[in-house]
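Some notes on the structure that comes next.
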Amino acid sequence: MKGLNLPSYSTKVISKNGKEFIWDILRQKYLVITPEEWVRQHFVQMLINHYEYPSGLMANEVPLTLNNTKRRCDTVVYDRSGNPVIIIEYKRTTVPLTQKVFDQISRYNIVMKVPYLFVSNGIRSIACSVDYENNKITFLYDIPKYSDL
């Protein structure tokens, strides 16, 4: 897989029937390595190891229904009361983080109504906060530590 602009970690990768699989710490199982999954696993590890996000308060592939259509948020982070506080959308490294990506995560947020949105393609990562009272989005200089949410 292509190098990422994310901290490296000791990946658990196995080969089975000619395919490579990576360990998903949140779902506690091996998954086929796709370019997007490679980004997801590195980003999740970064949140846990560098920003002190509790793995028990994170989930991958969280289902939601939007306009009678089933969708999945790539990763959702919850507060200690179980309320969603962050939606994260991942793209493969070759996909630029355009308005289209923000439109996608914003549609998910119509349902989830979280205060933070993150997007990453492994090369570039963007975090923003949502101020519902003033109908304003603020792009953040860095990802907040979990204790600062």
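Structure notes:
- Positive-pole candidate from 85, 18, 125, dipole of the range 15-149, charges at beta carbon: 18
- The distance between label points at residue 110 and residue 9 comes to 3.3 nm (points 7 Å beyond Cα on the Cα→Cβ vector).
- Helix 99-112 and the longest principal axis of the C-alpha atoms of the chain enclose an angle of approximately 70°.
- Sequence of 65, 75 once ranked by neighbouring C-beta atoms within 10 Å, starting from the fewest: 65, 75
- Exposure proxy for 73, 128: other Cβ atoms within 10 Å of each Cβ, ordered fewest to most, give 128, 73.
- Rounded to 0.05, the FRET efficiency of the residue 98 and residue 136 pair, given R0 = 25 Å and the Cβ-Cβ distance, is 0.75.
- Nearest 10 degrees, 0 to 90: helix 35-50 Cα axis against the chain principal axis: 70
- Per residue, the average separation of C-alpha pairs within less than 8 Å and at least 6 apart gives the chain a relative contact order of 19 percent.
- For the range 36-98, a simple Cβ point-charge model (Lys and Arg +1, Asp and Glu -1, everything else neutral) yields a dipole of about 180 debye relative to the Cα centre.
- Total charge dipole magnitude, the range 1-136, about the Cα centre, Cβ charges on Lys, Arg, Asp, Glu only, Debye to nearest 20: 420
Values quoted throughout were computed directly from the atomic coordinates according to the rules given, and no laboratory measurement underlies them. As the structure is a computational prediction, the values presented were derived from the model and not from experiment. All Cβ positions, glycine included, derive from the backbone under ideal geometry; neighbour counts span all protein chains shown.
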